[in-house]
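**Q** Here it is, the structure in full.
The values are calculated or read from the model by the stated rules, or taken from the named source; none is laboratory data. Treat the numbers as computed from the prediction; the structure is a model and nothing was measured. As a convention, Cβ positions derive from the backbone with ideal geometry for all residues, glycine included, and neighbour counts pool all protein chains shown. Each accessible area value is taken on the protein alone, full model and side chains, heavy atoms only, with ligands, DNA and RNA left out. Shrake-Rupley method; radii C 1.70, N 1.55, O 1.52, S 1.80 Å.
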Amino acid sequence: MRRKASLVLLACAVFCAALAPLVRWYAFPRLARIPANQYQDMVLEARNATLLDYGTLRAKKVPKVTIVQTLKGDVEAAKKIARTAGRPVVVWDSLSYVQGPDGTMVSKVPERYIFDAHSQDPVHATGEMVDGDPVKREGIEFKWPFLTQKRDYEYFDAQTRTTNPIHYRDTRTFRGLTVYYFEQTVPWTKVPMPKTMPVRGITPESVARTGTTRWYTTVRRFWVEPVTGAPVYGEEIHQEELRGGTLLGGRAKVTAFAGHVKMREDYIDHTVDLVRHNRTLVLALTSYVPWGSLGLGLSFLALSLLLEARARRPQDPAGTRTQEPEPVSA
């Protein structure tokens, strides 16, 4: 019975040893994916900001500028692109909607972002765009990959339509979570006018005819939870200017928007709670189950060897039995 039990334990040890790498290297890439039907929104605010009054074309201080960002997954488009790409794909339709203190629209910029559901690498397909302009993204946007590393990444900037490094600076603690802090500075760059302007009758084409151009710079900061790759907090020191042309009445430039944009407090709390939950699921696939299976396999192996040793009994070597002496005849 002991020998049979040891064989069963040995089989369990082999199974657990095989399960550990299987979960980590096979199941994890297939199970840890961004859902194609994800929907989320985020509200950011810039308090005591500077905003252009398009009626007078004069910059003025305002108590608050609000940016509402929404992401909505297009499931059908993702399925169609995935069949061609040969890998799971997520298609996000996003909208960045900026409104002034009175609730009036300042700008709205739609995007379509197509990326690999596990690695977050961009996938190039028809429909990839920013504000109606076709783009070919390089690098990440919105989210870092699972198991984020302490290194620089390439990050796509939607305003300039370019990719620039975003630098790992240090490791910090944010709301009880260990996070990696990343920072990117985009220098002053000439950028397109938004397709939707805040004043009826004014279009990017009509502004271009005046010779006035739009320029932009920002310092982008993210606090990223490394297991999930999800930013738990973000902010930007954002500046936009209109420069030159007859639209400004002889002035060299005027501030269109300047402010320190931060996530609203209630959205921070919601994001941190969501990331805590998802972090546990990712750790189960990358750490808890693989290492637990390996440890359990070693335990089964040790117990199997112990039972096998006890099952064996010492035996007398052949030919060591004492023979009785034969009688001696006189």
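**Q** Suppose we keep only residues that are in a loop (DSSP other than H, G, I, E, B) and open to solvent by 40 Å² or more (accessible area, probe 1.4 Å) within the range 119-135. Which one would you say is farthest from Val227 (Cα to Cα)? Working first, answer last.
**A** From the range 119-135, those in a loop (DSSP other than H, G, I, E, B) are 119-121, 123-128, 131-132, 135; that's our starting set.
From what's left, open to solvent by 40 Å² or more (accessible area, probe 1.4 Å): 121, 124, 126, 132.
Working: Asp121: 17, His124: 26, Thr126: 31, Gly132: 34 Å.
Residue satisfying both the conditions and the ranking: Gly132.
**Q** For the range 210-236, how many residues meet the condition of being outside any strand (DSSP E or B) and either of a type outside the set (A, V, I, L, M, F, W, C) or open to solvent by 40 Å² or more (accessible area, probe 1.4 Å) (or both)?
**A** We begin by selecting, within the range 210-236, every residue outside any strand (DSSP E or B); these are 210-212, 226-229.
From what's left, either of a type outside the set (A, V, I, L, M, F, W, C) or open to solvent by 40 Å² or more (accessible area, probe 1.4 Å) (or both): 210-212, 226, 228-229.
Here the count works out to 6.
**Q** Follow-up question, since we're still on this one. Do we have Leu285 as part of a helix (DSSP H, G or I), open to solvent by 20 Å² or more (accessible area, probe 1.4 Å) and in contact with a Phe, Trp or Tyr (Cβ under 6 Å, 6 or more places away or on another chain) here?
**A** Yes, satisfied.
Per-residue answers, yes or no, for (1) within 30 Å of Val191 (Cβ to Cβ); (2) hydroxyl-bearing (Ser, Thr, Tyr); (3) within 33 Å of the chain's Cα centre (by Cα):
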{"residue": "Tyr233", "(1), (2), (3)": "yes, yes, yes"}
{"residue": "Glu240", "(1), (2), (3)": "yes, no, yes"}
{"residue": "Lys253", "(1), (2), (3)": "yes, no, no"}
{"residue": "Phe257", "(1), (2), (3)": "yes, no, yes"}
{"residue": "Tyr288", "(1), (2), (3)": "no, yes, yes"}
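**Q** Sticking with this one: Checking the conditions here, which among Val207, Val199, Val275 is among the hydrophobic types (A, V, I, L, M, F, W, C), in contact (Cβ under 8 Å) with a residue 40 or more places away in the chain and surrounded by fewer than 15 Cβ atoms within 10 Å (Cβ to Cβ)? It would help to see each step written out before you state the result.
**A** Values: Val207 fails: surrounded by fewer than 15 Cβ atoms within 10 Å (Cβ to Cβ); Val275 fails: surrounded by fewer than 15 Cβ atoms within 10 Å (Cβ to Cβ).
That would be Val199, the only listed residue that is among the hydrophobic types (A, V, I, L, M, F, W, C), in contact (Cβ under 8 Å) with a residue 40 or more places away in the chain and surrounded by fewer than 15 Cβ atoms within 10 Å (Cβ to Cβ).
**Q** Go through the residues of the range 237-244 one by one and say whether even a single one is polar (S, T, N, Q), open to solvent by less than 40 Å² (accessible area, probe 1.4 Å) and either in contact with a Pro (Cβ under 6 Å, 6 or more places away or on another chain) or within 28 Å of Val179 (Cβ to Cβ) (or both).
**A** Keep residues of the range 237-244 that are polar (S, T, N, Q), which gives 239.
The next check asks that each one be open to solvent by less than 40 Å² (accessible area, probe 1.4 Å); those that pass are none.
No, because not a single residue in the range 237-244 is polar (S, T, N, Q), open to solvent by less than 40 Å² (accessible area, probe 1.4 Å) and either in contact with a Pro (Cβ under 6 Å, 6 or more places away or on another chain) or within 28 Å of Val179 (Cβ to Cβ) (or both).
**Q** Among (1) assigned to a strand (DSSP E or B); (2) surrounded by fewer than 14 Cβ atoms within 10 Å (Cβ to Cβ), where does Val186 come up short?
**A** Looking at each condition in turn, Val186 falls short on (2).
**Q** Please enumerate the residues belonging to the range 88-118 that are over 18 Å from the mean Cα position of the chain (by Cα) and either surrounded by 15 or more Cβ atoms within 10 Å (Cβ to Cβ) or among the β-branched types (Val, Ile, Thr) (or both).
**A** Result: Ser96, Tyr97, Val98, Gln99, Gly100, Thr104, Val106, Ser107, Lys108, Val109, Pro110.
**Q** Let me ask something else about it. Check the range 144-164 and report whether any residue there is more than 30 Å from Pro35 (Cβ to Cβ), assigned to a loop (DSSP other than H, G, I, E, B) and among the polar types (S, T, N, Q).
**A** no
**Q** Same structure, new question: For the range 58-105, which residues satisfy the criterion of being touching a residue at least 40 places away in the same chain (Cβ under 8 Å), in contact with a strand residue (DSSP E or B) (Cβ under 9 Å, 6 or more places away or on another chain) and assigned to a helix (DSSP H, G or I)?
**A** Within the range 58-105, Ala77, Ala78, Lys79, Ile81, Ala85 meet the criteria.
**Q** Here's something else I'd like to know. Evaluate the following for Glu240: is it touching a Ser or Thr at 6+ places or on another chain (Cβ under 8 Å) and either under 19 Å from Val106 (Cα atoms) or touching a residue at least 60 places away in the same chain (Cβ under 8 Å) (or both)?
**A** Working: touching a Ser or Thr at 6+ places or on another chain (Cβ under 8 Å): yes; either under 19 Å from Val106 (Cα atoms) or touching a residue at least 60 places away in the same chain (Cβ under 8 Å) (or both): yes.
So Glu240 passes the test.
Each row is one residue, and each column tells you yes or no for (1) over 21 Å from the mean Cα position of the chain (by Cα); (2) in contact (Cβ under 8 Å) with a residue 12 or more places away in the chain; (3) open to solvent by 40 Å² or more (accessible area, probe 1.4 Å).
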site	(1), (2), (3)
Ser6	yes, yes, no
Ala11	yes, no, yes
Ala17	yes, yes, yes
Tyr26	no, no, yes
Arg33	no, yes, yes
Ala36	no, yes, no
Tyr39	no, yes, yes
Ala46	yes, yes, no
Leu52	yes, yes, no
